[in-house]
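I have placed the structure first, in the form of C-alpha cells, so that the comments after it can refer back to it.
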Amino acid sequence: MLIGGPRVDAGHTVKLIDHDAYGWDYPRLIDEIRRCDAECVMLGHTGSTAARPVCLATGYQLYQNDERDEEGEQNGYAALL
C-alpha cells in the first residue's frame with residue numbers, strides 16, 4: 001500500500017499481484033501482467049536481501065518475454081528494467 005496507494009490517489013489504476021501467495025510459475029505471471037496491459041511493472045519482496053535473487057529472476061523473465069516491434073526492439077517492460 002505504501003507504493004500503490006499514492007498512485008491510486010494520483011489517478012492511476014494499480015493492481016497488486018502477491019506472487020508469494022499465488023506461487024505462479026513465470027509463464028502464468030507473465031500472462032497475468034500482459035492481461036493487465038501494464039505501463040509499468042514494479043517489483044518488491046516480503047523478505048530481506050535473500051529475496052533479491054527472486055526479484056532479479058522475475059525481472060529477467062519479464063525482459064526475456066517482452067514483445068518486440070518490427071525492428072526487433074523491445075517495446076515494453078524491458079525498457080523499464
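Bear in mind that the values in this text are calculations on the coordinates, not laboratory data. As the structure is a computational prediction, the values presented were derived from the model and not from experiment. So basically every Cβ, Gly included, is an ideal-geometry build from the backbone, and we count neighbours across all protein chains shown.
A few comments on the model shown:
- Estimated inter-spin distance, residue 28 and residue 54, nm [label 7 Å along Cα→Cβ]: 1.5
- Residues 30, 3, 17 arranged by fewest to most Cβ contacts within 10 Å: 3, 17, 30
- Once the C-beta distance of residue 20 and residue 64 is scaled by a Förster radius of 25 Å, the resulting FRET efficiency is 0.70 to the nearest 0.05.
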